[in-house]
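K.L.:
First the structure, then my questions, so here it is.
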Amino acid sequence: MSAIQLANVSKRFRLSGHQPTSIRELIQSLTRPKPAKVFWALRDVSFEVAAGETIGLIGANGSGKSTLLKLISGIMRPTCGRVRVEGSVSALIELGAGFHPEFSGRDNVFVYGALLGLSRADLRRKFEAIVDFAELGAFIDSPVKHYSSGMYMRLAFAIAAHVEPDVLLVDEVLAVGDEAFQHKCLERIHFLQRSGVTVVFVSHALDTVAALCHRAIWLDHGVLKYDGSAHDTVAAYRCAMRETMA
């Protein structure tokens, strides 16, 4: 059974041009508007992800990986094509985007957790595990505006990683914290994999993609370039990068 299906998906953005710097330019922009520039972040992308499968998305910056995750999560809609996802989704994309800087870490566990779909009863039950995972016991009642960036991201990851969804979307968040905490993050993802969670994992850490994922997709300027085993896809991407630099 497929957990995720994308059929001929494309995503277009309109880019704003020169911003008026005077009244004259403003009037000209209103009376003689110039056509907006168009950027296609994705073009005609199709693939399926089986329930319980872990798939990696690789490619250079600007290749469309994060846009694709946002389409799968429902944050964005495709310009054309169809995206279908079965079950609940947790997205580790923009960690801490729902945090309130004046609230304590404790308060933000409940606010951010609610945004991710957890009930208050679930959050009370998981609260100690979240705090222990984030290693923030001594600071959990301090306002998060006083947290370091590492503390802030650790708490956000800990909350999101305890949602236990049907589909988990991960975008370059394993750079959070030191090496020991990164290892803990990977272990949490392994736990979710063993629980049957479908994982879509975006990273520039190709060795991690090859080790963590069953399969990988290489995106190149919004186009699906290669879809195969994680090992084969990473090898094809590395070969192309070497040829580019030669």
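K.L.:
Scan the range 94-110 residue by residue and report those that are surrounded by 15 or more Cβ atoms within 10 Å (Cβ to Cβ) and either touching a Lys or Arg at 6+ places or on another chain (Cβ under 7 Å) or free of Cβ contacts under 8 Å to residues at least 24 places away in the same chain (or both).
P.N.:
Scanning the range 94-110 gives 98, 107, 110.
K.L.:
Also: Say whether the condition of being modelled with pLDDT under 90, assigned to a helix (DSSP H, G or I) and more than 18 Å from residue 89 (Cα to Cα) is met by at least one residue in the range 117-136.
P.N.:
No.
K.L.:
Pick from the range 81-93 the residues that are surrounded by fewer than 14 Cβ atoms within 10 Å (Cβ to Cβ) and in contact with a Ser or Thr (Cβ under 9 Å, 6 or more places away or on another chain): which of them is modelled with the lowest pLDDT?
P.N.:
87
K.L.:
OK, next. Quick check on my filter: what residues within the range 141-151 are in contact with a Gly (Cβ under 7 Å, 6 or more places away or on another chain) and modelled with pLDDT under 85?
P.N.:
Within the range 141-151, 150 is the sole residue that qualifies.
K.L.:
Assess whether residue 209 counts as being surrounded by 16 or more Cβ atoms within 10 Å (Cβ to Cβ), among the aliphatic types (A, V, I, L, M) and more than 21 Å from residue 8 (Cα to Cα).
P.N.:
yes
K.L.:
Oh, and also: Of (1) modelled with pLDDT of 90 or more; (2) under 18 Å from residue 87 (Cα atoms), residue 162 satisfies all except one. Which?
P.N.:
(1)
The values are calculated or read from the model by the stated rules, or taken from the named source; none is laboratory data. Because the structure is a prediction, the values reported are computed rather than measured. Positions of Cβ are generated from backbone atoms using ideal geometry, with glycine treated the same way; all protein chains shown enter the neighbour counts.
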